[in-house]
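A quick write-up on the structure given underneath.
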Amino acid sequence: MKPPLPLPLPLPSSPTITIPDDSCGTFRVLVGVTGSVAALKVPLLVSQLLELPGVRVKERRDHKYQAFGIPRKKIQMHSIYRPTCVVRAWDTSRPLLFCPAMNTAMWHHPITSRQVDILKEFGYVEIPCIAKKLVCGDQGKGAMAEVSTIVDVVKQYVQKAAESPQEGAGQVL
């Protein structure tokens, strides 16, 4: 067994999409971005998520974490805007999707695969990064998945929950 590591969660530079559900049949989507060139795709991602029926997206720095099922006492005020803190307080019975995005050297570093494995052990779902020429000039794996791919995965969760609200809510595909 591998020794436990202190982990920065989620992976560096990875948009995190959490899909908290509620009894109104609406999915609230929390998009957390920890940095990278991939952040430039966030407006396109959010606009396409808004097109999905049953999805509600809010863009507010001061949104209320309690609306997402996270008790405010778990979030310290000095770190309230850090997506990693939201992930650490996240109810692991609810879906959480993560989209790694980094340069190729970072992607191939041994700790990255261990971090991805740990996130998967929590039940979180990876939307894998892709290989292409990166902005830094590297050619290889590390680019965030295409927006259409991410939206398609979110759509699967929304459809599953709509088909069986009690069973689909909070389930991982």
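Numerical summary
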| read-out | value |
| --- | --- |
| Close pairs (8 angstrom Cβ cut-off, 6 or more residues apart or separate chains): without any contact (Cβ under 8 Å) to a residue 24 or more places away in the chain in the stretch 33-57, of a type outside the set (V, I, T) anywhere | G35/P12; G35/S13; V46/E59 |
| Single residue of the stretch 133-144 satisfying the filter (assigned to a strand (DSSP E or B) and on the phi > 0 side of the Ramachandran plot) that is surrounded by the fewest Cβ atoms within 10 Å (Cβ to Cβ) | G140 |
| Pair list, Cβ < 7 Å and 6+ apart or interchain, from the stretch 102-131 residues that are surrounded by 12 or more Cβ atoms within 10 Å (Cβ to Cβ) to residues that are among the charged types (D, E, K, R) and part of a helix (DSSP H, G or I) | E126/K120 |
| Which listed residue is out of contact with any Pro (no Cβ under 7 Å at 6 or more places or on another chain) and either at pLDDT 95 or above or of a type in the set (S, T, Y) (or both), from E146, E167, E163 | E146 |
| Residues of the stretch 80-132 satisfying the condition of being modelled with pLDDT under 90 and in a loop (DSSP other than H, G, I, E, B) | I80, Y81, R82, W90, D91, T92, S93, R94, P95 |
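The values are calculated or read from the model by the stated rules, or taken from the named source; none is laboratory data. Note that the structure is a prediction, hence the values are computed from the model and not measured. As a convention, Cβ positions derive from the backbone with ideal geometry for all residues, glycine included, and neighbour counts pool all protein chains shown.
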